[in-house]
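Here the structure is laid out as structure tokens; the discussion comes afterwards.
The values are calculated or read from the model by the stated rules, or taken from the named source; none is laboratory data. Please read all numbers here as calculations on a predicted model, not as lab measurements. Don't worry about glycine lacking a Cβ; one is built from the backbone with ideal geometry, like all the others, and counts go over all protein chains shown. Calculation scope for accessible area: heavy atoms of the full protein, side chains included, ligands and nucleic acids excluded. Shrake-Rupley method; radii C 1.70, N 1.55, O 1.52, S 1.80 Å.
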Amino acid sequence: MAVDSPALSFPATKIVYEAGMTAFAHVRWALAALLVALLPGARAAPGPVGTLRPDVAFDAVTPLSSNAEIVRRMLSPLAGAAIPGAVARSGKTLAEQPIDPRRERFAVYVPARAPAAGYGLLVFVPPWEEAALPPGWAGVLDRTGVIFVSAARSGNDASPLSRREPLALIAAANLMARYKVDPARVWVGGFSGGSRVAMRLALGYPDLFRGAVLNAGADPIGEGRVPLPPKDLFATFQARTRLIYATGARDGGALAEDDASMSAMRRSCVFDLVSQVGALAGHRVLDSGGLGRALDALAAPARPDPARLAACRAGLKAALAAKFRQVDALLAQGRRGEARALLTRIDQRFGGLAAPRSVEAARRLP
């Protein structure tokens, strides 16, 4: 199915995350994506404003896009802990960075008038290969004072770990260095398969992205495919990230996925969720009205009720402690296979909340 618009026709989307991947199954896949080289670069000067630049090159990387940081934030603790051994067995060296930005191209739109507090910034992850600004978005970006950036060769056929995620991080870092950007209005978004990557970036980098526009694509967190990040980052995500689920009324599959994702968010104590259903719209990128509603909502986040958040976090902590007691009991009984299987489930459900205890327990198993 094509995604049609008056000015552009974007190709059909494809989900790139395999269902049911365990933490250990991620290791080989992640390693292949991360063993790539980088050439260092220098920072460029600010570019012109008030026009779309479809072929921008950046030349600076950021520590946030390093392979080590991507592994720490985007993989589960057990998968991340297995990476060094896998690298050593491969006989190769893990590069510091997965991307040479000088070889990449980005579409950038900078509104002519900067807000007094600084521009907002929307980093858009596409499902298609082109670096493009969707039709009708320029006027909304002008009204809201939001810079738009999207990378080429970052579609659904590209690796999330070695391309789509670092490209988004590098784009954000370069534009925040070139222009005055309000840190409270730095957001990530995407459409369909790109929306799923955007959700992962918001989850793993809540110290950079304050919210996300999830346009017709979302997954449940804490169910294997989307691990929870380290404790400190997840606490930040719970406390200040706003997620906008923006899907067409006729896009039944994506609406069901939104519901599943929001339910999983609430189970993990993430409450600032907004559902925006576009009347009569099918599986297509947001029009100007939908984008405007999403950006307006992102600009007005709702802080979670402290008592509700504390009670929910206490429940998660108690549930995790109960799981580890089960692991200890299985190990005491010599039932190592069952203990290993339970640790894998803990890693999938609790991710970074279970570390370092989950990693230490795994090391006790042969």
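Looking at GLY85, GLY80, GLY118, GLY91, which one is over 25 Å from PRO227 (Cα atoms), open to solvent by 10 Å² or more (accessible area, probe 1.4 Å) and not polar (S, T, N, Q)?
Exactly one of GLY85, GLY80, GLY118, GLY91 is over 25 Å from PRO227 (Cα atoms), open to solvent by 10 Å² or more (accessible area, probe 1.4 Å) and not polar (S, T, N, Q), namely GLY91.
For (1) touching a residue at least 40 places away in the same chain (Cβ under 8 Å); (2) of a type in the set (A, V, I, L, M, F, W, C); (3) closer than 22 Å to LEU122 by Cα; (4) surrounded by 23 or more Cβ atoms within 10 Å (Cβ to Cβ), each residue gets a yes or a no:
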position: ALA216; (1), (2), (3), (4): yes, yes, yes, yes
position: GLU223; (1), (2), (3), (4): yes, no, no, no
position: ASP232; (1), (2), (3), (4): no, no, no, no
position: GLN238; (1), (2), (3), (4): yes, no, yes, no
position: GLU257; (1), (2), (3), (4): yes, no, no, no
position: GLY292; (1), (2), (3), (4): yes, no, yes, no
position: ASP296; (1), (2), (3), (4): yes, no, yes, no
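Among what's in segment 56-77 and is in a loop (DSSP other than H, G, I, E, B) and touching a residue at least 40 places away in the same chain (Cβ under 8 Å), pick the residue that is surrounded by the most Cβ atoms within 10 Å (Cβ to Cβ).
SER76
Which residues, counting only those in segment 160-206, are among the aliphatic types (A, V, I, L, M), closer than 25 Å to GLU257 by Cα and without any contact (Cβ under 8 Å) to a residue 60 or more places away in the chain?
If the condition is that a residue be among the aliphatic types (A, V, I, L, M), closer than 25 Å to GLU257 by Cα and without any contact (Cβ under 8 Å) to a residue 60 or more places away in the chain, then ALA168, ALA202, LEU203 are the ones that fit.
What are the residues in segment 275-289 that are free of Cβ contacts under 8 Å to residues at least 60 places away in the same chain, surrounded by fewer than 20 Cβ atoms within 10 Å (Cβ to Cβ) and on the phi < 0 side of the Ramachandran plot, if any?
Answer for segment 275-289, where residues must be free of Cβ contacts under 8 Å to residues at least 60 places away in the same chain, surrounded by fewer than 20 Cβ atoms within 10 Å (Cβ to Cβ) and on the phi < 0 side of the Ramachandran plot: SER275, GLN276, VAL277, ALA279, ALA281, GLY282, GLY289.
Applying the selection to segment 243-254, what residues are under 15 Å from ARG196 (Cβ atoms) and outside any loop (DSSP other than H, G, I, E, B)?
Of everything in segment 243-254, those that are under 15 Å from ARG196 (Cβ atoms) and outside any loop (DSSP other than H, G, I, E, B) turn out to be LEU243, ILE244, TYR245, ALA246, THR247, GLY253, ALA254.
In segment 157-191, what residues are open to solvent by less than 10 Å² (accessible area, probe 1.4 Å) and more than 12 Å from the chain's Cα centre (by Cα)?
Selection gives ILE170, ALA171, ALA172, ASN174, LEU175, VAL186, PHE191.
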